[in-house]
Each structure stands twice: as structure tokens, then as C-alpha cells.
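> Sending over a structure as C-alpha cells; questions will come in a sec.
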Amino acid sequence: MPGNPSRDPSAGALPDERPRRRGQGELEAQILAALSDAPGPVTAAWVRERFGGDLAYTTVMTILTRLHVKRAVTRERAGRSFLWRAASDEAGLAALRMRRVLDAEADRGAVLARFVTTLSPDDERLLRDLLGLPEDGDVAGYAEGRTEGPMEGPTGSGPAGAEG
């Protein structure tokens with residue numbers, strides 16, 4: 001009685017012949033990049049064609065739906081299907097993931113402070129530039145709640161956009 005081909009390594013492809021498994025979020029990023037390069041709103045079939053038909057249509061639809069839930073893509077009804085368009089680029093998708101992680105934590109200040117203290121000097125300089133801080137600004141101090149300076153909101157009561 002022959003063995004089950006899915007369990008018998010001698011039947012079929014060797015382990016090193018299997019296609020490389022994509023990293024977490026890699027397929028989302030690739031599909032988002034394809035949508036960003038699209039001439040306008042496109043179908044899931046159009047997206048699938050960009051991958052040479054290597055992806056199942058259902059896989060493309062699953063990823064597009066996940067991106068829609070994350071607000072990284074928009075869709076509009078076109079007959080019985082949808083036309084898809086990128087609402088964000090890869091950097092925007094990464095920012096959405098970061099925001100979701102931050103939103104899931106109770107102590108936002110602690111999370112931001114820990115994040116800032118792990119930045120490389122170049123990333124810290126970039127963050128200072130983005131926040132409009134002076135070169136010798138204490139970025140970690142802002143994350144810990146010291147809000148004097150450019151991060152003050154319109155009322156002067158704390159970081160812009162802070163709730164509380």
C-alpha cells in the first residue's frame with residue numbers, strides 16, 4: 001500500500017525544491033505595491049496576473065480584503081465584483097501596523113518611550129526632524145510626557161493629538 005504523498009518525502013518534491021515561504025506581511029506589501037503601480041482601480045484578477053498566476057484567486061481576494069479592513073486599500077463595486085485601489089503605500093501600511101500595536105497598549109507613553117530609546121542615532125535624528133525638534137532635543141523626554149516645545153497641541157495642554 002503506497003504511503004500518503006503529503007507525508008512521504010520520497011514521493012514528490014524534495015523539501016529544498018518547495019517554493020520559498022513569504023514572510024509575514026510580505027504578500028500584503030507586494031500586492032499593495034502592485035496596486036500602487038496600477039493605472040487606476042483594478043480587479044483582483046489584474047492583481048493576480050501581476051504575480052504570473054502563481055497565487056490563487058482566493059488568496060488575492062483574502063489579502064485585498066485584509067488590506068481593506070486595515071484601510072490600506074479602497075474598493076468600489078463594479079458589477080458583481082470590486083475594483084481595488086491603493087489608499088496607502090508600503091510606508092503607510094507599516095505605519096498602520098505600528099499604530100495598531102500602539103492602540104492595543106494601555107500605556108502609550110511607556111511604549112513610545114521604549115521605542116524611542118531603541119532608535120539608532122540616524123533614526124533619532126530623522127524623528128527629531130519630523131517633529132521639528134532641535135538637534136539637541138530630548139525626544140525620549142517628549143515621549144515620557146514633557147511636552148514643552150513644538151509637540152504642544154493648539155491649547156498648549158500636551159502633545160498634539162493626545163487624548164485625556
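> Scanning region 89-116 for residues that are closer than 30 Å to Asp37 by Cα and small (Gly, Ala, Ser), which turns out surrounded by the fewest Cβ atoms within 10 Å (Cβ to Cβ)?
Ala91
> Would you check which residues across region 36-57 are outside any loop (DSSP other than H, G, I, E, B), open to solvent by less than 60 Å² (accessible area, probe 1.4 Å) and farther than 18 Å from Ala72 by Cβ and list them?
Ala45
> State the number of residues belonging to region 40-65 that are in contact with a Phe, Trp or Tyr (Cβ under 7 Å, 6 or more places away or on another chain) and either of a type in the set (Phe, Trp, Tyr) or within 16 Å of Arg21 (Cβ to Cβ) (or both).
Matching residues across region 40-65 total 0.
> Being at pLDDT below 90 and not small (Gly, Ala, Ser) is the filter; apply it to region 68-88 and report the residue that is least open to solvent (accessible area, probe 1.4 Å).
Lys70
> What about Ala104, is it closer than 30 Å to Leu64 by Cβ and at pLDDT below 85?
no
The values are calculated or read from the model by the stated rules, or taken from the named source; none is laboratory data. Given the structure is predicted, the values throughout are model-derived calculations rather than measurements. Counting neighbours? That spans all protein chains shown, and the Cβs are built from the backbone with ideal geometry, glycine included. Heads up: the accessible areas ignore ligands, DNA and RNA and are worked out on the full protein's heavy atoms, side chains in. Shrake-Rupley method; radii C 1.70, N 1.55, O 1.52, S 1.80 Å.
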